[in-house]
Each structure stands twice: as C-alpha cells, then as structure tokens.
Amino acid sequence: MDRIRVALADDHPIVLAGIRTLLTADPEIDLVGEATSGRDALPMIRAAGPDVAVIDVSMPGLNGLELTERVTGECPGTRVLILTVHEDAAYVQPLLKAGARGYLLKRSAADDLLRAVHAVAAGGVYLDPSIAGHALDPSGAAGRAEAAEGGEALSPRETETLRLIAQGFSNKEIARRLDVSVKSVETYKARAAEKLGLRTRAEIIRYAAARGWLDALALRT
Amino acid sequence: MSIRRTGGVPGGEHHLSRGNGRTFVALVFAAAIPVLLLSGWVATLMAQQQRDLDRRAAVASATRVAERVASDLASQVTVLEAEAASATLDTPDLAAFYAEAERLRQAHPLWETVELAGPDGGQVVNLLRSLDDTLGPTSDRASFDAVVRTGKPVIGGIGPVGTVSGKRLVALRVPVIRDGVLRYVLSVRLATNAVSSILRDAGAPEGWVGTIVDADGITIARTRAEAEELGQPANAALQAAIRRAPQGFYTGPTLEGANVEVVYRTLKDTGGWSVHFGMPVAALNAPVSRSYAVLAGGSVLSIGLALALVGLVGRDMAQRRAGEQARFTLALRSSEEQGAVAAEAAELGTLRWDAGRGQVTASARAATLLGWRGEVAEGRETETGLAGALGAVLAEDRARLDDAIGRSLAEGGPVDEEFRVADGTGGPRWVRLAGRAPQLHGEAPAGLIYGVVSDIEPRKRAEAERLELLRRLGEAQENEQRRIARELHDQVGQTVTGLSLGLKSLERLVAGSGPEAGRHVQWLQGLAGEIGRDIHRAAVDLRPTALDDLGLCEALATLLREWSRRHGIRADLEFLGDAARVPAPVETAVYRIVQEALTDVLKHAVAATVSVAVEHRTDAMRVIVEDDGIGFDAEHAARPGGAGAPGKPRLGLSGIRERLALLDGTLTLETSPGVGTALFVDIPVPQAA
C-alpha cells in the first residue's frame, strides 16, 4: 500500500512542529510540504499534490474556508482535513459544504490526528467526536414541527394568536390587536401549544414557518 | 411676602378709618329718617287733636252761652211774670204799677223800660214816659201778637229803633191775665248790650267769634264789630242753618272771612234765638296745615337723606371694592414679581399657549430659547401665531410637541416635552417645555396652557457625551475581550496544542522505559487537554470568535447549545427574517443581551425551557427571550425593594437596559407568576448606506 502523502498548513510554528513530529513518526505517512500562511499554502499544495492537506482554519492571508474551496476546486486529488481550535459546530457546515472531508479539533489532534488522516485518505469523512452531535442537531427540531401536524384542530382565535406569537408580538400587543384581555391571550396560547405539542416560542415559529404563515412577514422585511 | 405686608397695611388702615366715618354718617342718616317721619306724623296728629279740642271748646262755649242767655232771659221772664201777677194790676192801679215797675227797673239795670200795653197793642204805661203821656202802639208787633195768641210769655226779636227809646231793643212780654181774660201785655225792653255782656262773659274761646241772632236771623249780639252788625240780618248760610236744624255746624262766609266754620245752638224758650261761634277755616286749620307742612318737609328731608345714604353707601362700596382691587392687584403684582424673579434666577422662560386665540405669548427669555425669529425685545413679552411657534421647532420634533400640547389641552393633564429648536447660529438646541392648563376655580378657559421653557442643551449634551463615553467604553471592552480571546485562541491555545502534540511524541519515545514514565506522560497529556479546554471556554466567554467570523445567528446557536448542555435547561433558537449581517455593535448587543437574559433565567426563573427568537426586520431587530419558569409580579418588581416570592427582580435587566440605551432600543417585559417571563427587545438597525 502506498504511503499517504500529506501536506501541512498552519501559521503557528509550535503546532506545526508538533504535528510534523507526530506525522513523521508514522511510517505510513510522507510529509510532502509545509506552509505557514494561507497564501503560501495554495501554491505549495498545488505543487506537491498531496493525498491529504491538513489545513488550519484561521490563518492570515487566505483563511481556511477559502483555501478549502480553492484546493478542492483546483486539486481534485487532494482531500482536505480541517484542523481548528473552533469547537463551534457553526464552523463545520460551511467547511463541509466547501469540500472538506474531515474536521478535527486541535485539542484532539494529539490523539486523533493520525486516525483522521488515515480515515480521510481512505476516502471517508472524519468529524471530531465532540462536534459530531452538533452537526446533526438542526434537523431534529424541524422533525418535531412536522410531527405536530396530526394534532387537534385549532380554533380561529387560537390560530390567530399562534400566528401573531410567531410574528413576534408580545401578549399585550396581541391582546390589543384581537381586542381581548392578556389573560385570554395566555389561555389561547397555552391551549394551542398543548393541542399541537409545541412547547416554546421557537417551536411555534417553526410551525408557523412550515405553514407559510410568515410569508407575509418575509415580504414585509 | 413681607414686602407686600408692610406696603399694604397703612393704606388699608387709612381706607378703613375713612370708611368707618362714612359708615357712621350713613347710620345717623338711616336713624334720622324714621325719627323725622315719626315726629312729622306726631305733629300732624297733635295738630288735628288740637283742632278737635278747639272745636269741642267752641261747642261747649256755644252751649254754655246758650244756657246762660236762656236762663238769664228765663229769670227776667220770671221776674216779669211775678210783676204781671202784681196786685197793682188787679184793679188796675196804674200809678202804683208805675211806681212798682220803676222800682223793678231800678233793680235791673239792663231793663231799658217796662211797658204795659192793652190787648189791642196800645201802650198804657211806659216807664220812659210819665204816666200821663199819651202813648202810641207798641213796637215789635210780632212778639206782641204771639203773646196775645198763645197767652204765654214770649221773647221777641230785636226790634227796630224804638220811637220812644231811640234804641234797638229786645222785648220780653208776658200776658197779664185776670179771670182768664187777657187784660194787658207786660213787656220789658232789654238793651242788647245786656245780651252782649252775657255773650262776652260766657268767654268765647280764643279766636272764635260769637254771634247771637233771633229767630229771623237778625243779629242781637256779637263779640266783634257789634256796632255795625247789630240789627242787621245775618248771612244766608246762617239763616239756612237755623232753618234746617236747631243746632249743628255749617260753614259760610262771614265778616271774618270767606270760609268760616261755625258751630251753633238754638236757645230754649227764647223764640228761636241761637248762639253761633265761628272761626275761619284757615285759622282753625292753621296748626294742622303747619304740621302738614312739617310732615311734608320731614318727608322731603327723609328722601333727601335716603338719597344721600344711598350715595354714601354706594360710594363706600365702590371705594371698598377699589381698595380690595388695589390690594389684589398689589398681591398679584407681587406674586408675579416673585414668579418672574424665580424664573429669571432659574433662567427660565415663561410661555402662554393660547390655542383658542391661536397665539403664543412668551417672555423675552422664552422667545430667545424657542428661537423665534424677529425682534425679541429685552424684558418684554413677544407674541406669535401657533404656526410660527411650531415652525421654530425642528421638523422631527414638531409633530410630537404639537401632539403633546393637543393631548394636554384635551385631557387637562400636564405637558412635559423635550424638543429641539432650530437655532440660527449653531445647530439645533434642546429645550424643555413643562406646563399645564391653569386651574382657576375648577373651570379652565379652554385651550390655554401656561408653561415654563428651560434650556436643557447642556444637560442633553452631557447626556450625549455620557452615552458616547459609555458606548466607547463598551466598545473598548468588547475590543479588549475580543483581543484577549483571540490571543488565547491563537497564541496560548496553539501553544497548548503544540504541548499536547509534543507530549504525544514523548509518549511514543518513552514507551519502552517502563510504566512509570508512561503514566507521567499520560497525566501531562490530560493536564494539557484540560488547559486547552479551559482556555477555549475562557475565550468563548470573553467573546466568541463565531460572532465575528460567522455572525449573530451561529454565535447564538452555539451559545444556547453550550448553555443548555452546561445547565441542563432545554434551549431553543429560531432566527427569522433577513439573514444579512447587521452592524457589529447591534450584533454584539443582541448577543450580550441574550447572554444576560440567560444568566437571569438561570438565577431566578427555575425554568425547564428557554426559547430565543430573533427577528431581523428591515429597520429593527426584535429579540424575544421566553422561559417557562415561575415568573414574577412585574408591578411588584418595578418598585425598589419589591423583591419577594415568587421570583426576584431581575438585576440583569438593568444591564440590558443600559445596553439598549446606547442603541435607542427598548425593553418590554411580560410576565406573571406561574406563567413564565418573556423579554421583548427592540433595537433599531441603521440602514446600510
């Protein structure tokens, strides 16, 4: 089996040195290039044509996201493994969309870097275990909103209240609009939420968005 | 206050003493009026009584005179009757009779003569002549005939001037009857002055004129002008009266006057003689007339006094009113002066907003503050139309000010508005108008507001500076935190990463040196990992890099996820509207506000679920943070020290409010015990140019 050709881009010398030591210790890995900035990294990767490019997200010059896009666009044979300090799942999605095949937190690097490089080189996708859960999270809520479909039918007042709640009005504002008391609004809201199994305002908003109730709002904005 | 007192009291006393004098005079006048009227009335009554007394005295005199004359005549008649029965006439012995008669005449000085006549009227004896003389027929034939006819004594009227006596005499005749046959008629001729003396002696009341007339109305005696009237027939009124009734009153013309009141009595057994007492009506009524004059005079005087009294009281009232008005004016001026001094000292302008007249009147200071164009006279009031007054206000604030004034006029509440005035020299200036409708005796003239205008430019500037300072402080803090967070991530964090990588290499190198070294390396690795996590957490707490790198939505999502995981409270985020980035200060503010709200929820709410909704509208961000916790009594919490179960006042709210103040944002809180709490935050987003 061929040794895995790996290129390394990190602006931090200590980290770079640590990774280099770790990678060179693996007999199956060939370190074919190093860069300390985003701008230097692209020509280096283009020239070396590695199997796996380990890229730090936050680098001066060209940041990790752009670099990933350029590398996946220009070097189809190179798979990108993102190495980052950012634990926010929010960073993951854009990078995965941009073509990254792996996402590894720096603090896990000591233990998991070699495994990640091997996994990506083998054609798989590697996500750091501590963020793997986050990346899948958003789909769950949407599922709940859909599940509420089968609930009991709402009265017109409850529907109206729910719609206004989703549009961001306070109970007092709703009470004024519907010409009822604040207590009544609270009651409508509680009853409607119970019928549909919605527990929070965010869920109500998602339910409303799924119904198209907020289209008018979207037009307005 | 003291100024007004020392100035006001002496003048008031002066007015008072003058007023008292006038009041005294008025009282005297008021008392004099009834006294005058009463005394006039009493005088009239007394005069009338006097007149009645006079009349009654006249009647009494008339009666007395009548009785005296009658009795006198009766006694004469009695004497005569005795003589008629004399023996001298039995035979008759005329000489003896003559002597006897002569004796009688001597005894009665009023007897002018005694005459004896035969039944045919021929005189037989007359004492005025000697017995031998031949005598003619008797005079006064009427009385003689009456005696012959009746056979009873008769008192005749006054006769004509006698042929023998040469005087007007009154005849008393008695029949001389012997054996039932009339032999003679014995007569006595009385001089009328006898009757006159009786009349005079009877004492006619003062001023009254007494008259005695015979049955034919011929005057026999009179207390005045007797010489001319004796034997003359009396006036027609008298004659008519004695024919009409034996006694009574009448009025008619007499010697003494054209209109004389007369009382009269007819004498008994005197052949129709009557006594009359008369007085001119004018004289009789003189006291009454005088008293009437007095009464009239008194009345006129009373009316005069009353008019004077009315005048006095009227003048008094007018003066009092004038004095009071002067005092009021003084007090008003003093109070106005005090107000003006206070307003000047506070550098305030005063304003009178008269919507009814469409005019605004302002003191010089107010006019200057309000930036009115045109002449602003020093120390004088300036007036301008409503449009002019509003026109000086900056266009952005004009509607708000007009609205506030309109509301105050409609509801009568106070108006307190801060607005900008376009200043000719510099930029717009902040001015505050505080005022209200005047409250005079409950009913206020519609459309009027009195206000005070103050210059709040320095305060506004200070406020703006303070806000700017706060904003910059916040910004500096954010920047500093951001720098430290970046430092932690990019430097320290990387170094720790390098450390753990190095430890990993070390682990392989010491693999053969026994388990002791391996454990040590692993322990160091654990330590390095922990440091890495701590650094990461500290950096995120300081400022999440996601907020700068990925935007508000992602940063919030991470925040909520982390928070939820850390505290075991379900957290839910929904982001609505435009996905475009908003200015960094707004993003930071929203992020921090949510952070603080979550801290609050953790501290107070005892919630199971928190829901955050962020809506990005065209010109504003609305953030709603809602929990299903125990909530609290919002009204209770609004008061300081109103802490109490359930839930405590949210201290984090003040931090949120401070942040919002920098961005002109607003916070609305909706909560009630048991239902949970919802924060509604609105932040205006400046449109990207």
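Structure notes:
- Sites B:Arg103 and B:Asn193, calculated FRET efficiency, Cβ-Cβ separation with R0 22 Å, nearest 0.05: 0.50
- Between the helical axis of A:106-121 and the longest alpha-carbon principal axis of chain A there is an angle of about 80 degrees.
- Förster radius 41 Å - calculated FRET efficiency between A:Lys97 and A:Lys195, Cβ distance, rounded to 0.05: 0.60
- Each DSSP beta bridge with both residues in the protein assembly as shown is either parallel or antiparallel, and the antiparallel ones are about 75%.
- Using alpha-carbon coordinates, inclination of helix A:89-98 to the longest axis of chain A, degrees: 60 degrees
- Cα centroid separation, region B:143-188 to region A:47-122 (Å): 194 Å
- One Cα centroid belongs to region B:236-302, the other to region B:26-46; the line between them spans 32 Å.
- Note that region B:205-222 has calculated 3J(HN,Hα) couplings of x, 4, x, 8, 10, x, 9, 10, 10, 8, 4, 8, x, 8, 6, 9, 8, 8 Hz, one per residue in order, obtained from phi through the Karplus relation 6.51 cos²θ - 1.76 cosθ + 1.60 (θ = phi - 60°); glycine and proline are x.
- Solvent-accessible area, 1.4 Å probe, carbon plus sulfur percent, for region B:267-361: 64 percent
- Counting heavy atoms of the protein chains alone, B:Phe24 has an accessible area of about 140 Å² for a 1.4 Å probe.
- Convex hull per residue volume in Å³, alpha carbons only, for region A:1-48: 49 Å³
- Per-residue extension of 0.36 nm, minus the Cα-Cα distance of B:Ser334 and B:Arg380, leaves a gain of 14.8 nm for this segment.
- Protein accessible area in region B:456-543, 1.4 Å probe - carbon and sulfur %: 60 percent
- Sorted largest first by accessible area at a 1.4 angstrom probe radius, with every protein chain in place, the residues B:Thr63, B:Thr211 fall in the order B:Thr63, B:Thr211.
- At least 15 Å along the helix axis (C-alpha) and Kyte average at least 0.0, DSSP helices within chain B: B:2-84, B:281-345, B:494-509, B:584-600, B:652-662
- Net length gained if the chain between B:Arg290 and B:Arg461 were fully extended (0.36 nm per residue, minus Cα distance): 51.7 nm
- Nearby lysines by direct alpha-carbon distance to A:Lys183 (threshold 28 angstrom, same-chain neighbours under 8 apart not counted): A:Lys172, A:Lys195, B:Lys603, B:Lys648
- Under 22 Å from the Cα of B:Lys152 - lysines, other chains or at least 8 residues apart: B:Lys268
- Size of the B/A contact, given as accessible area buried on both chains, probe 1.4 Å, in Å²: 3900 Å²
- Accessible-area value, B:Tyr250, 1.4 Å probe, nucleic acids and ligands omitted, Å²: 20 Å²
- Extended-chain gain in nm, criterion 0.36 nm per residue less alpha-carbon gap, B:Val492 and B:Arg436: 13.7 nm
- With each label modelled as a point 7 angstrom along the Cα→C-beta vector, the B:Thr63-B:Ala87 pair spans 4.6 nm.
- Placing a label point 7 Å from the Cα of B:Glu468 along the Cα-to-Cβ direction, no residue of region B:382-397 has its backbone N under 12 Å from that point.
- Calculated P(r) of the protein assembly as shown - Cα pairs past 46 Å, %: 65 percent
- With the convex hull constructed from alpha-carbon coordinates only, chain B shows a mean projected area of 69.0 nm² over all directions.
- Protein-only accessible surface at a 1.4 angstrom probe places the residues B:Glu587, A:Glu74, B:Glu596 in the order A:Glu74, B:Glu596, B:Glu587, largest first.
- Peptide B:600-610 has a mean shielding of 1, counted as Cβ atoms of other protein chains within 10 Å of each residue's Cβ.
- Separation in nanometres of the label points that stand 7 Å from Cα toward Cβ, at A:Asn63 and B:Ala31: 11.3 nm
- Alpha-carbon centroid distance for the pair region B:342-363 / region B:567-616, whole angstrom: 49 Å
- Inter-site label distance for B:Val161 and B:Arg398 at 7 Å from Cα along Cβ, in nm: 13.3 nm
- With the cut-off at under 20 Å, measuring from each backbone N in region A:1-26 to a point 7 Å along the Cα-to-Cβ line of A:Ala122 picks out A:1-7, A:23-26.
- Each Cα pair under 8 Å and six or more residues apart adds its separation to the average, and for chain B the resulting relative contact order is 8 percent.
- Residue-normalised accessible area of chain B, given per residue in Å² at a 1.4 Å probe: 51 Å²
- Solvent-accessible surface (1.4 angstrom probe) belonging to B:Lys167, in square angstrom, nearest 10: 90 Å²
- Cβ-derived FRET efficiency at R0 51 Å, B:Arg56 paired with B:Leu94, nearest 0.05: 0.45
The values are calculated or read from the model by the stated rules, or taken from the named source; none is laboratory data. A quick note: this is a predicted structure, and the numbers were derived from the prediction, not measured. All Cβ positions, even for glycine, are placed from backbone atoms using ideal geometry, and neighbour counts span all protein chains on display. For the accessible areas, the whole protein counts, side chains as well, though only heavy atoms, and no ligand, DNA or RNA atoms are used. Shrake-Rupley method; radii C 1.70, N 1.55, O 1.52, S 1.80 Å.
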